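Working notes, beginning with the structure itself.
The values are calculated or read from the model by the stated rules, or taken from the named source; none is laboratory data. Small disclaimer: the values here were computed from a predicted structure and weren't measured. Virtual Cβ from ideal backbone geometry, glycine too; neighbours counted across all protein chains shown. Side chains included, ligands, DNA and RNA excluded: accessible areas come from the protein's heavy atoms. Shrake-Rupley method; radii C 1.70, N 1.55, O 1.52, S 1.80 Å.
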Amino acid sequence: MGHSGLLVGLDLGTTVCKALLLGTDLRPLAAAARPLELSTLSGTEIEQDAEEWWRCAVLAVREVLAQSGCDPRDVRGIGVSSQGISFVPVGARVVPLRRAFSWLDTRAAAQRDLVQDTLGERRVFAVTGKRCSAAYVLPKLLWLREHEPRTWGRTRRILMPLEFLHARLTGEAVTDHSMASGTMLYDITRRQWSPEILDTFDLDRGLLPEIRQGHEAAGVLRPAAAEALGLPPGVPVAIGGQDQKVAALGAGINPDRCTVSLGTAMAINQQCDRPVIDPEMRIPCFVDILPRRWTLEGSAVCCSILDWARRTFAPGVEWDELNHRVEEAAGLQNPPMMLPFFSGSSAPFFDPQARGTLTGIDLATTPAQVIRSVYEGIACLIRANVEVMEEISRPVGELRIFGGGAKSDPWCRIIADTVRRPVSVLATSESASVGAAVLAGVAGGVFSDPEDAFRHLSVRTSYEPRPQWAARGDEGYAKFRSLTARLLGQAESRRAP
C-alpha cells in the first residue's frame, strides 16, 4: 500500500520499547511494543542488557511495518526518544564491556558523597541544575573506575541508550542536550560538558559523546541496520532526546503550557527561555529539546502507587468501574489524605527518606476514597511544583496531560480543580513516540522546525477548573502542605492558600 510519507517514532523506555508508525500528518497508523527486562542484583544494583535495547527496537520497527502494510520506501525519517541517565561502557566497535547501569541503580552512594564533599551541593546545582544523587551518571562513573578497574581501562566510550541506538543505526554515537543535561556532567548555562566537573574528577572528555540538537540528523540508516529493520538504507535518523523532554514536545509544550506525564512517573515540565537555577534547589533545570530553551522538571513516582492501591483496596475491579466509583466518592464525608512519597520525595520537597502516608481514614472510608486520595495527592504535588515554577520562572497558563493516567476523566478533573488551571488531553497518549516522529520529520525535511508540527496535534478532551470546587481544592491543598511540612520537616512559612 503506497503512502505520501511515513515517519517512525521509537520510544526506548525503562521496561518497554515502543515503535509508532505515523503519516506526515502525525496520524498513527501502527504501533508495537517489546518488553525490556531489568536485572535487580540488590536493592541498589539494577542493570540492563544494552544489546536488548537494540534487539527490541528492531523487533518493534519490523512489527509496525508489517502491521501497516505500508511501503517501507515511503519512510521519510526515524526519530528516537530514550530513557535518560542509564549508560553502558563500550570498547572498540561499540561492543558493551558489561551490562548497562540502569538509571534506577543507586549503588554509587559513596561516590555521590565524594562529589558533594568535593564541590558542595550548591556548586553542583549551580553548574548542572541538579542536586547530588547516586542515580546520575557522574557518581556511577566514579564507582566503575574504583570497583571495576579492568573494565574502566578497556572503556573507549560511555553511551546512554540514545547514543547506543544511534551507533547501531547510523554508526555515529551522538547525543542531544536534553540527554547530556541529565548526567550531572553538563553545564546547563554554557550548554556543554562541564570542564570544571571533568577536570575535578579527572574524567576524559573523549569518553563522552558529541552533543547536537535533537532535530538534527545523527546520520542516515546504514545498510546493516536498514536490513535488520526492514527499511531502505539512507533514511535520515533524527538525534532525538530524553524521553520526558521528547514527550513534552510531542504533547505541544510551549512557554505558557506545561506538560504533565502521568505514567510510571509523574513529570511536570515548564519551558523557559533561560537557565533557571532555583536558589532553594527545589526543582531541577534541564536543557530542552528545542534550541535556546530550557526546562524545569518536577517528577515523582505515580501510576505504580495507583497499581498498589488498586491491588490492596480494590482487587479485581476494572479501571473504568473504579473511576466511576471515584467520581461517586467525591461527595462522601471525611476524605482521607495521601502523601504520594512511596520512594522518597523529589521536587519540590526533596527528602529521599520520606515514605508514603495515608491519613484521615476511619471505619467508613471506602476503597474508592483511597484511590481518590492518590489522585488528589498527586494533583497537590503538581500544584506545589507549579507554585515553585511561577515563583522562579513565569506564569503557567495551561496543563497538557498525557500518559496512562490521562485516560482517567476524574483524575484530569481533580488536577484542573486542584491546580486551578485548564487541562487538555491529546487524542493519542503516546507522546514520546509522537515527539520522536516530529524530530524525524524535521530531519527528513517534512517540517521546517519541531513547532511546525504542532498544527497536527489534536486535543481529545479539555477540562476547565470548576468554580464550585475551588474551595474544596484549596482546603485539600492546605491540608497537603500542612501534613508535608510536619512529616518532611518543611518550614511552616512555605506558601499555602
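Here are the numbers for the structure shown:
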{"quantity": "Of residues in the stretch 175-204 being in a loop (DSSP other than H, G, I, E, B) and in contact with a Pro (Cβ under 7 Å, 6 or more places away or on another chain), the one farthest from L221 (Cα to Cα)", "calculated": "T189"}
{"quantity": "Those residues of the stretch 245-278 which are in contact with a helix residue (DSSP H, G or I) (Cβ under 8 Å, 6 or more places away or on another chain), open to solvent by 40 Å² or more (accessible area, probe 1.4 Å) and within 21 Å of V127 (Cβ to Cβ), in sequence order", "calculated": "I277"}
{"quantity": "The stretch 6-48: number of residues that are of a type outside the set (A, V, I, L, M) and either touching a strand residue (DSSP E or B) at 6+ places or on another chain (Cβ under 6 Å) or more than 28 Å from K140 (Cβ to Cβ) (or both)", "calculated": "15"}
{"quantity": "Subset of the stretch 26-53 that is in contact with a Phe, Trp or Tyr (Cβ under 7 Å, 6 or more places away or on another chain) and not aliphatic (A, V, I, L, M) - its residue that is surrounded by the fewest Cβ atoms within 10 Å (Cβ to Cβ)", "calculated": "E47"}
{"quantity": "Within the stretch 353-390, tally of residues that are more than 18 Å from R472 (Cα to Cα) and within 19 Å of the chain's Cα centre (by Cα)", "calculated": "3"}
{"quantity": "Odd one out for E172 among (1) part of a helix (DSSP H, G or I); (2) open to solvent by 40 Å² or more (accessible area, probe 1.4 Å); (3) of a type in the set (D, E)", "calculated": "(1)"}
{"quantity": "The stretch 6-19, residues that are within 19 Å of A217 (Cα to Cα), open to solvent by less than 10 Å² (accessible area, probe 1.4 Å) and of a type outside the set (G, A, S)", "calculated": "L6, L7, V8, L10, L12"}
{"quantity": "Condition met for R99 (charged (D, E, K, R) and farther than 25 Å from P149 by Cβ)", "calculated": "no"}
{"quantity": "Residue tally, condition assigned to a helix (DSSP H, G or I) and out of contact with any strand residue (DSSP E or B) (no Cβ under 7 Å at 6 or more places or on another chain), over the stretch 101-140", "calculated": "19"}
{"quantity": "Residue list for the stretch 346-362, restricted to those being closer than 14 Å to G377 by Cβ and open to solvent by less than 10 Å² (accessible area, probe 1.4 Å)", "calculated": "A354"}
{"quantity": "Test: residue in the stretch 225-232 that is in a loop (DSSP other than H, G, I, E, B) and either surrounded by 17 or more Cβ atoms within 10 Å (Cβ to Cβ) or touching a strand residue (DSSP E or B) at 6+ places or on another chain (Cβ under 8 Å) (or both)", "calculated": "yes"}
{"quantity": "Residue, farthest from L296 (Cα to Cα), within the stretch 92-142, restricted to residues that are open to solvent by 30 Å² or more (accessible area, probe 1.4 Å) and of a type in the set (F, W, Y)", "calculated": "W103"}
{"quantity": "Every residue from the stretch 279-319 that is part of a strand (DSSP E or B), of a type outside the set (A, V, I, L, M) and open to solvent by 10 Å² or more (accessible area, probe 1.4 Å)", "calculated": "F286, W294, E297, S299"}
{"quantity": "Selected residue (criterion: least open to solvent (accessible area, probe 1.4 Å)) from residues of the stretch 469-497 that are modelled with pLDDT under 90 and among the polar types (S, T, N, Q)", "calculated": "Q490"}
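Residue by residue, here is whether (1) out of contact with any helix residue (DSSP H, G or I) (no Cβ under 6 Å at 6 or more places or on another chain); (2) of a type in the set (F, W, Y); (3) surrounded by fewer than 20 Cβ atoms within 10 Å (Cβ to Cβ) holds:
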| residue | (1), (2), (3) |
| --- | --- |
| G377 | yes, no, no |
| L381 | yes, no, no |
| R394 | yes, no, yes |
| W411 | no, yes, no |
